[in-house]
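First up is the structure itself, then whatever we jot down about it.
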Amino acid sequence: MSTTIYKADASPPARTVLMIADLLGIKYNGYDINPILREQDTPDMTKKNPMRTIPFIEDDGFCLGDSHAIILYLLDKYGKPEHSYLYPTDKQKRATINQRLFFDCGILFPYLRTIMALTYTGRLTELSKSMIRNIESGYRMLDTYLSDSMYLADDVMTLADLSVFTTMSTLHGLVPIDSTKYPKLMNWFINMSEKEICKKINQPGAEQHVAGLNALMENNKINQKSKL
């Protein structure tokens, strides 16, 4: 059996997959891809993952893209009874986890992806008011989701928390969570940040991602000024 995770450590979705793989004890080969150089666009990579996104996996010849689909697949295939807290069988809890995952891929991460795309292509020098407003809207929804439980879908950490946390780690670095406006979200973020799995895998990549985006925005600003 052979599992390869195609990833970039700075990528929030890749960090999610790497944390789940670690929690499940999966022995995998890590294959680094530079998304800025569009290394995922080669014919071989595109054949394996037509979405041309990071991360994607190759598991015994089976290829799968999208971090949310990947973590569900990995848990289904490699999870043991002691991992059931990540995706419990209770139908309502599972539905809530699914909804939070869909929130991450459909609402929260697209806010970040817009910033990334404009920054990497040299067009963004600083976050616009609308970008900040969208991010704040995401924070407000997450704070509300945390009204009835310690974590996003349960009173224990689930797949939803790990997936949202990687996105939030970069967003928080760009637009810090206001603990006065969003106290429950801030408490959740601090709690997640203190978990060993997050310190080990998420934190280094998140710091790299935030620093890289800020540096590129500054560079874009200099380049745009030089053209005036």
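The values are calculated or read from the model by the stated rules, or taken from the named source; none is laboratory data. Small disclaimer: the values here were computed from a predicted structure and weren't measured. We place every Cβ from the backbone using ideal geometry, glycine too, and count neighbours over all the protein chains shown.
List the number of the failed condition for R94; all other conditions in (1) in a helix (DSSP H, G or I); (2) over 26 Å from T170 (Cβ atoms); (3) not assigned by TED's automatic domain parsing to the domain that holds T170 hold.
Every condition holds for R94 apart from (3).
Hey, can you tell me all the residues within the range 37-72 that are aromatic (F, W, Y) and surrounded by fewer than 17 Cβ atoms within 10 Å (Cβ to Cβ)?
The answer is F62, and nothing else.
Any residue at all in the range 156-168 that is surrounded by fewer than 20 Cβ atoms within 10 Å (Cβ to Cβ) and either out of contact with any strand residue (DSSP E or B) (no Cβ under 8 Å at 6 or more places or on another chain) or on the phi > 0 side of the Ramachandran plot (or both)?
Yes, the range 156-168 contains at least one residue that is surrounded by fewer than 20 Cβ atoms within 10 Å (Cβ to Cβ) and either out of contact with any strand residue (DSSP E or B) (no Cβ under 8 Å at 6 or more places or on another chain) or on the phi > 0 side of the Ramachandran plot (or both).
Among the listed residues L118, L37, L64, identify the single one that is out of contact with any Cys (no Cβ under 7 Å at 6 or more places or on another chain), assigned to a strand (DSSP E or B), farther than 18 Å from L152 by Cα and free of Cβ contacts under 8 Å to residues at least 40 places away in the same chain.
Answer to the selection: L64.
Does D9 qualify as being acidic (D, E) and assigned to a loop (DSSP other than H, G, I, E, B)?
Criteria met by D9.
Does the range 49-61 hold any residues that are in contact (Cβ under 8 Å) with a residue 40 or more places away in the chain and either in contact with an Asp or Glu (Cβ under 8 Å, 6 or more places away or on another chain) or of a type in the set (F, W, Y) (or both), and which are they?
Of everything in the range 49-61, those that are in contact (Cβ under 8 Å) with a residue 40 or more places away in the chain and either in contact with an Asp or Glu (Cβ under 8 Å, 6 or more places away or on another chain) or of a type in the set (F, W, Y) (or both) turn out to be T53, F56.
Select, from M168, M150, the only residue that is at pLDDT 95 or above, of a type outside the set (K, R) and within 23 Å of N34 (Cα to Cα).
Matching residue, one of M168, M150: M168.
Can you pull out the residues in the range 184-217 that are among the charged types (D, E, K, R) and either in contact with a helix residue (DSSP H, G or I) (Cβ under 8 Å, 6 or more places away or on another chain) or touching a residue at least 12 places away in the same chain (Cβ under 8 Å) (or both)?
K184, K195, K199, K200, E207 - these are the residues of the range 184-217 that are among the charged types (D, E, K, R) and either in contact with a helix residue (DSSP H, G or I) (Cβ under 8 Å, 6 or more places away or on another chain) or touching a residue at least 12 places away in the same chain (Cβ under 8 Å) (or both).
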